[in-house]
Amino acid sequence: MRDRVAVVAGSTRGAGRGIAAALGEAGATVICTGRSSWERDGHSDYDRPETIEETAALVSRLGGVGVPLQVDHLDHEQVRVLAERVRRDHGRLDVLVNDIWGAEHLKGGPADWNTPIWDHDLDTGLRILRLGVETHLVTSHYLLPLLVDRPGGLLVEVTDGTAAHNADQYRISVFYDLAKASVNRLAFSQGHELAPFGGTAVAVTPGWLRSEMMLENYGVTEETWRTALDSDRPDDLPTAPPPFAESESPRYVGRAVAALAADPQRARWNQHSVTSAQLAREYGFTDVDGRQPDSWA
């Protein structure tokens, strides 16, 4: 993918960083966007230390070309300027990944889940929808014109749960449920619009993701994550339930996206909703530890 240009929207941390890194492994030029930057004022709702510059540096270390650009994907003007800059500096866009989220704190922890809509804070719920759905719409509106300039473009919508799973499973709250189901539908509807131009849209969901926040929650690192399953952990550290054994690093879903992007027959996936594990079985890639975990199974 050394001659390919990708934008990973929402690549500061988590799945977005993993996707940017995997595209870097494949040699792509990756524009890494998000709100958290060490060069300019601005941070996400999380107020965490990860930055887009760190992600871009990781892309470059892995063999690609990482380009950090600070963008708030709710700000129409910032996204319009992003599209102009991609066209000016690179002249093309081969892959667009909509991974913007930023509502992990807003969805709350298990004690907050299953709160009915009439008891749920309305402003919080609407903010979840703005961060999880509106950002994707704004980004596609401004960047898809570059993707359809030439046949073969790939749009990846990153969500939580496949369309089939989310169709008959209630997910945490009305607002979270709607956000994640909507992103699957975005891949379907945008795939319909991209197909006449030779483009492909796919919804991809990771499994139980060992994001920076998840590792921190269990007091482990990517190197020591298995110790979170130990029943004799210190009292101040939670013990992960058995399904955590099938968790995956962010690079796993990243390699799923890279495999899709490198497949000349990627159009066969148009409008589909798939997991990183499904794509691993199809393409043969593994996670960073050589496994093919499948927490959905």
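The values are calculated or read from the model by the stated rules, or taken from the named source; none is laboratory data. On a predicted model such as this, the values are computed, not experimentally measured, just so you know. Quick reminder, even Gly has a Cβ in these numbers, built from the backbone with ideal geometry, and neighbours come from all protein chains shown.
What to note about this one:
- Restricting attention to the range 1-20, the residues being under 13 Å from the mean Cα position of the chain (by Cα) and assigned to a loop (DSSP other than H, G, I, E, B) number 4.
So that you can scan it fast, the table gives a plain yes or no per residue for (1) surrounded by 16 or more Cβ atoms within 10 Å (Cβ to Cβ); (2) outside the structural domain of residue 19 (by TED's automatic domain parsing); (3) of a type in the set (Ser, Thr, Tyr):
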{"position": "232", "(1), (2), (3)": "no, yes, no"}
{"position": "253", "(1), (2), (3)": "yes, no, no"}
{"position": "261", "(1), (2), (3)": "yes, no, no"}
{"position": "265", "(1), (2), (3)": "no, no, no"}
{"position": "268", "(1), (2), (3)": "no, no, no"}
{"position": "297", "(1), (2), (3)": "no, yes, no"}
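- Among residues that are touching a residue at least 40 places away in the same chain (Cβ under 8 Å), over 15 Å from residue 103 (Cβ atoms) and either of a type outside the set (Ser, Thr, Tyr) or not assigned by TED's automatic domain parsing to the domain that holds residue 256 (or both), residue 132 is not included.
- Residues located in the range 234-245, provided they are surrounded by 11 or more Cβ atoms within 10 Å (Cβ to Cβ) and outside any helix (DSSP H, G or I): 237, 238, 239, 240
- Residue list for the range 225-256, restricted to those being among the charged types (D, E, K, R) and at pLDDT below 95: 230, 232, 233, 235, 236
- Of all residues in the range 251-297 being outside any helix (DSSP H, G or I) and hydroxyl-bearing (Ser, Thr, Tyr), the one that is nearest to residue 223 (Cα to Cα): 286
- Among residues of the range 165-176 being of a type outside the set (A, V, I, L, M) and surrounded by fewer than 18 Cβ atoms within 10 Å (Cβ to Cβ), the one that is farthest from residue 270 (Cα to Cα) is 170.
- Check on residue 220, touching a helix residue (DSSP H, G or I) at 6+ places or on another chain (Cβ under 9 Å), closer than 27 Å to residue 128 by Cβ and either surrounded by 14 or more Cβ atoms within 10 Å (Cβ to Cβ) or not polar (S, T, N, Q) (or both): no
- The set of residues in the range 26-49 that are hydroxyl-bearing (Ser, Thr, Tyr), in a strand (DSSP E or B) and within 16 Å of the chain's Cα centre (by Cα) contains only 33.
Residue-wise test of (1) among the hydrophobic types (A, V, I, L, M, F, W, C); (2) within 26 Å of residue 259 (Cβ to Cβ); (3) under 19 Å from the mean Cα position of the chain (by Cα).
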| position | (1), (2), (3) |
| --- | --- |
| 80 | no, no, no |
| 86 | yes, yes, no |
| 92 | no, yes, no |
| 131 | yes, no, yes |
| 136 | no, yes, yes |
| 148 | yes, yes, no |
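- Scanning the range 80-105 for residues that are over 28 Å from residue 26 (Cα atoms) and surrounded by fewer than 20 Cβ atoms within 10 Å (Cβ to Cβ) returns 104, 105.
- Of all residues making up the range 107-119, the number that are buried (at least 16 other Cβ atoms within 10 Å of the Cβ) and out of contact with any helix residue (DSSP H, G or I) (no Cβ under 7 Å at 6 or more places or on another chain): 2
- Cross-chain or 6+ apart pairs with Cβ under 6 Å, the range 204-226 first and over 27 Å from residue 96 (Cα atoms), then among the polar types (S, T, N, Q) and in a helix (DSSP H, G or I): 220/227
- Which listed residue is closer than 21 Å to residue 213 by Cβ and buried (at least 16 other Cβ atoms within 10 Å of the Cβ), from 52, 31: 52
- Meets criteria (touching a residue at least 60 places away in the same chain (Cβ under 8 Å), in the same structural domain as residue 276 (by TED's automatic domain parsing) and over 16 Å from the mean Cα position of the chain (by Cα)) for residue 96: no
- Annotation note: of 261, 280, the sole residue that is among the small types (Gly, Ala, Ser), modelled with pLDDT of 95 or more, within 18 Å of residue 95 (Cβ to Cβ) and within 20 Å of the chain's Cα centre (by Cα) is 261.
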